[in-house]
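Reading through the structure tokens given below for one structure.
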Amino acid sequence: MEKKVTVIGAGLAGCEAAYALAKRGVKVTLIEQKPVKKSAAHKSDNFCELVCSNSLKAFRLNSAAGLLKTEMEFLGSLTVPIAKQTAVPAGGALAVDREKFETAVTKAIKENKNITVLQKEQKDILSLVHNNGCNNNNGNSSTGGNSSNIVIIATGPLTDGSFAESLKKLTGGMEMFSFYDAAAPIVNIDTVDMEHAFWASRYKDDQKDYLNCPLTKEEYLRFYNELINAERAVLHDMDKIYEGCVPIEVLAHKGVDTMRFGPLKAVGLQDPKTQKRPYANLQLRKETVNGNMYNLVGFQTNLKFGEQKRVFSFIPALKNAEYERYGVMHRNSFLNSPMLLNETLNLKSHNNIFIAGQLSGVEGYMESAASGIMCGINAFRMLNNKEMLVLPDITMMGGLFKYITTPQKHFQPMGAAFGLLPALDVRIKDKLERYMALAERSVEYFKNNSF
Ligand SMILES: Cc1cc2nc3c(=O)[nH]c(=O)nc-3n(C[C@H](O)[C@H](O)[C@H](O)COP(=O)(O)OP(=O)(O)OC[C@H]3O[C@@H](n4cnc5c(N)ncnc54)[C@H](O)[C@@H]3O)c2cc1C
């Protein structure tokens, strides 16, 4: 029987997935709804459309985004080499001439003999599932069951309509599917000023679950004033966000003390320095098991990224903090991947279905593309009854896929960040040197393994 795979969506993830399979000799059907139907953000008829910025972020190896792209090249990426060929000057970033970039990717896909493109809206996932001999074992299979016809879903953050309904049904309903991002920023713990912070849980100061950042009355009022005057990003489709998840700047606008009765409440806490309850207190909660990254609890925000760094630096412990992820609020469909996905990026309940791109809970153009490569490689391995690939967490891709598939409360999408990687055996104080050492550790892995 001829082996074939269906990929739904020809965005960054879908194109990489189709290409990874095609170059391994697998026949792929790639279904793309454009130009028949376009989301509000998609404008061009090309595949792999960059819906907003033309920047694919930093390119130097000692940056998280740079390491990610290097790893993608080791795995035979389609988009990274084309991005390099169509680059425009952008300092240390890899930015592209979007028209040239998208045209070149579209051409590479359409001219590939192993890829058949169907330009139509896929309305339903269940019919594909039933054709696939789905494996409803809820187990963590590394090779898969009936794998003659595999589906990779890569319909992106704006997945909607009957296809979204169908996916929701397949994955277990509303609580398994989010339609927007309302994420609080995440800081690198090494950059928090411990002189102005203390470990304690409310009422239990012997416990180290939370790192507390106390503020005096003067510090609180200065922070409040900066916050209510800070510049916000443009909001799209915000009605849903406001129902359950109010941004910190919106809360501040309700009154000068509102934050002190919400995310900045200090009840149950005593600052060991003053032996008193702080006037206000921000809690940081561990985001990763390795303890590198901490979430600003209750600080969902829509401030511009630069403003987040500036305004939050008025909290003394965060004066020089560096952010692994800034807070975001935008329309974004993604699955509850920690519950639903194996680390090999296929559904636990339907091993033959892989989830690629932003829908899997990664955040960013290149992260989406990288997950597409991984789905393509693992779909190929499944077809050939080979053990599927799980990259170690010393790699940026491995760390990222581990993060999105590790059980956690309040899962929000994640992009490349050094905080996802386990610490080095030796302590390197200089940040860029440390990042370079982390990157080189990953590169070493890719040099010593073939895929
Ligand atoms: C408004 C917006 C702006 C963003 N800006 C940035 C940014 O500047 N930088 C950044 O790094 N990330 C950005 N992101 C996040 C993310 O990186 C991008 O959305 C990225 O394009 C995701 O890649 P993807 O392959 O998962 O989805 P997409 O690139 O959106 O690709 C999905 C494809 O599937 C197709 N499709 C959808 N449904 C169906 C269906 N039922 N049948 C057939 N085809 C279908 C779509 O037409 C599309 O071509 C942004 C996201 C949004 C929503």
Please report the relative contact order for the chain, taking Cα pairs under 8 Å with a sequence separation of at least 6, and give it as a percent rounded to a whole number.
-> 22
Using the Cα atoms as the points, what is the convex hull volume per residue of segment 185-326 in Å³?
-> 111
Counting sequence-distant residues (5 or more places) and residues on other chains, those with an amide H built under 5 Å from that of ILE31 are VAL7, ILE8, GLY9, LEU118
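Could you give the length gained by full extension between SER127 and LYS204, i.e. 0.36 nm per residue of separation minus their alpha carbon distance, to one decimal place?
Values: separation 77, 0.36 × 77 = 27.72 nm, distance 5.29 nm.
Roughly 22.4 nm would be gained on extension.
Restricting to Cα atoms and excluding each atom paired with itself, what does the Kirkwood estimate give for the chain in Å? Display every interim value, and only then the final one.
Numbers: mean 1/r = 0.0437 Å⁻¹.
Roughly 22.9 Å, rounded to one decimal.
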Extension gain, LYS110 back to LYS431 (0.36 nm per residue minus Cα-Cα distance, nm) | 111.2 nm
Local charge sum around GLY172 (other residues, Cβ-Cβ under 14 Å, Lys/Arg +1, Asp/Glu -1)?
-> +1
For a footprinting-style exposure proxy, rank THR406, THR395 by other Cβ within 10 Å, fewest first.
-> THR406, THR395
Return the long-range amide H neighbours of LYS57 (sequence gap of 5 or more, or a different chain), with a cut-off of under 5 Å between placed amide H atoms.
-> LEU94
Determine the distance separating the Cα centre of segment 155-177 from the Cα centre of segment 1-66; give it in Å without decimals.
-> 19
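So, counting K/R as plus one and D/E as minus one, what does the shell of residues with Cβ under 15 Å around LYS38 add up to?
Values: positive: LYS34, LYS37, LYS43, LYS120, ARG331; negative: GLU32, ASP45, GLU49, GLU102, GLU121, ASP160.
Charge balance near LYS38 sits at -1.
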With a 10 Å Cβ neighbour count serving as the proxy for reagent exposure, in which order, fewest first, do PHE446, PHE380, PHE177 appear?
-> PHE446, PHE177, PHE380
Final fewest-first order of THR29, THR301, THR6, THR274 on the 10 Å Cβ neighbour count is THR274, THR29, THR6, THR301
If you put +1 on each Lys and Arg Cβ and -1 on each Asp and Glu Cβ, how big is the dipole of the chain around its Cα centre, in Debye rounded to 20?
-> 400
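Any read-out appearing in this document is the output of simple, stated calculations on the displayed coordinates, not a laboratory observation. Predicted, not measured: the structure shown is a model, and the values here were computed from it. Counting neighbours? That spans all protein chains shown, and the Cβs are built from the backbone with ideal geometry, glycine included.
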